[in-house]
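Structure record follows, encoded as structure tokens.
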Amino acid sequence: MTAGGFDARFVDRLLDKHTCTICLLALREPTVTKCGHLFCNDCVRPLARRDRIVCPVCREEQKESEIYPNNYDKRQIMSLMIYCDQQENGCGWKGELRERETHNNTCAFADVLCRNECEEMVMKKDMENHMKKTCVNRKVECWYCNTTVIFKFLNHHHRKCKMFPVACKFCKQQVVRREMNEHVSKDGTCPNRPLECEFSEAGCQFTGNSNELKLHLQNEVVCHLSLMTRHQSDTKLLLATTKSLLSSTRACLAKRECELENLKLAITKKGRMSVSQSQICVFEWNITSWSYWMTKAQSDLPEYQSIQSKSFYTGPQGYHLYLKLYPLGYGFYEGSHVSMDVCVRKGDYDDQLPKKQHCKFSFTLVDQQPDAINVVVRREKTVELIPGKYFDATDDFITHETLNSRSYIRNNEIVIQFCLQLNVL
């Protein structure tokens, strides 16, 4: 049975007459029995059986209707002085029991859940300091690139930050990540970068730093002369072989061109119609379990960096496409945006469709509430529709901040509409 009395910290010792014999706490809504004993209303009422109650103190049986509220003792109890429930946390408040709930609602020493949703309990008085300095969900600025990120993802950001200093694997010097390739290049500043021998094209496989290369060139003069003599002989043979291959290839191409012209002529004679295609294509993509994909993308595993839609054709006998979405963005916008790609797949009609097209297309993030404010990104360009090629990368499709506003995410799902208009050049 749940205790019904007040579990409070009283300034003075609680009198026996103010204590419930059942729950041993201060009486809440005191009720007096016919035999004169006091109990919490919520403690004694559940003892009723068939409209009769046996007093827990004297065992006298009485009707439930013979038990009455005792307002006199209630007023006395509610006037008793108590300390704040958060006294151990440092709150020095004391007041009447009737003021307890009002004080608890405003007590600066009460523990509440962090407003940044980090699931940590913090005293009200410490909340602002926690949100600014210790909360794992607080926003901080990367010290290297000045990008604003959530603190718990800061290490993940540093693993990709272009301005983050990393150690060169050759000289151990700290170099900004985006400058590393230049640092270790042939004309770079790394003193220990591997350099190829000047006679590598002749077959020398030596690599080493600048000092080692200098010694190698001094000590291997005879070897290099031998390699160059052999290389010149091989080059002459290669040139002769190449000329022969070019000659046979030209002959083969001329034959194929002739066969192609004959085929076109045969098709024209039979009156065959060219393959048609729809000029406008609309595809709607519903992405479910959005929080799952965001969490997986943050794991840094390559297979979770993008989500792929099912493939679709632009129309009857049209191009074969699919969409790709990057939850954590791509390129310059990585970490702050969601990026989109349009990809071409090998289709059944590729041989009969023009390869070069002028396209107008748009991505629309659908706002799933009545007063919808959709986010639309439009592009127009001339592209080559070649299987296996991404003909556009919309890196700045939508910021994470905008995505999490309004109702773009509803029931853990987002909806993206893709519209494509084709015009043959």
Just to verify a result, which residue in region 372-410, among those that are in a loop (DSSP other than H, G, I, E, B) and touching a Lys or Arg at 6+ places or on another chain (Cβ under 9 Å), is nearest to Gly335 (Cα to Cα)?
Ile373
Of the residues in region 64-80 that are touching a residue at least 24 places away in the same chain (Cβ under 8 Å) and out of contact with any helix residue (DSSP H, G or I) (no Cβ under 8 Å at 6 or more places or on another chain), the one that is farthest from Cys40 (Cα to Cα) is Glu66
For region 143-154, check the following and say yes or no: at least one residue is under 29 Å from Cys190 (Cα atoms), of a type in the set (S, T, N, Q) and surrounded by 12 or more Cβ atoms within 10 Å (Cβ to Cβ).
yes
Please verify whether Val344 is within 28 Å of Cys161 (Cβ to Cβ) and modelled with pLDDT of 85 or more, treating the condition exactly as stated.
no
Would you mind stating whether Val184 is aliphatic (A, V, I, L, M) and farther than 15 Å from Cys168 by Cα?
no
Restrict the check to region 147-169 and report whether at least one residue is in contact with a helix residue (DSSP H, G or I) (Cβ under 8 Å, 6 or more places away or on another chain) and over 22 Å from Gly331 (Cα atoms).
yes
Report whether or not Val377 is assigned by TED's automatic domain parsing to the domain that holds Ser311, crowded, with 16+ Cβ neighbours inside 10 Å and under 15 Å from Leu323 (Cα atoms).
no
Under 6 Å by Cβ, and 6 or more places apart or on different chains, what pairs join a residue from region 190-211 that is part of a strand (DSSP E or B) with one that is among the acidic types (Asp, Glu)?
Thr207/Glu196
Listed by range, strands (runs of 3 or more DSSP E) wholly within region 98-173 having at least 3 residues that are aliphatic (A, V, I, L, M) are 121-123
Please find, among Glu401, Glu380, the residue that is at pLDDT 90 or above and not hydrophobic (A, V, I, L, M, F, W, C).
Glu401
Inside region 175-219, can you point out the residues that are touching a strand residue (DSSP E or B) at 6+ places or on another chain (Cβ under 8 Å) and among the β-branched types (Val, Ile, Thr)?
Val175, Val176, Thr207
Exactly one condition in (1) buried (at least 18 other Cβ atoms within 10 Å of the Cβ); (2) closer than 16 Å to Thr394 by Cβ is not met by Gly318; state its number.
(2)
Residues to consider are Asp367, Asp348, Asp395; find the one that is assigned by TED's automatic domain parsing to the domain that holds Gln308, within 30 Å of Asn146 (Cβ to Cβ) and surrounded by 11 or more Cβ atoms within 10 Å (Cβ to Cβ).
Asp395
Any idea how many residues of region 4-23 are surrounded by 12 or more Cβ atoms within 10 Å (Cβ to Cβ) and out of contact with any strand residue (DSSP E or B) (no Cβ under 8 Å at 6 or more places or on another chain)?
1
Which listed residue is among the basic types (Lys, Arg) and farther than 22 Å from Asp85 by Cα, from Lys160, Lys124:
Lys160
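Yes or no, residue by residue, for (1) part of a helix (DSSP H, G or I); (2) modelled with pLDDT of 90 or more:
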{"residue": "Glu284", "(1), (2)": "no, yes"}
{"residue": "Met294", "(1), (2)": "yes, yes"}
{"residue": "Ser299", "(1), (2)": "no, no"}
{"residue": "Lys310", "(1), (2)": "no, yes"}
{"residue": "Gly315", "(1), (2)": "no, no"}
{"residue": "Gly318", "(1), (2)": "no, no"}
{"residue": "Tyr322", "(1), (2)": "no, yes"}
{"residue": "Ser339", "(1), (2)": "no, yes"}
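The values are calculated or read from the model by the stated rules, or taken from the named source; none is laboratory data. Keep in mind the model is a prediction, meaning the values are calculated, not measured. Here Cβ is always computed from backbone atoms with ideal geometry, including for glycine, and neighbour counts include all displayed protein chains.
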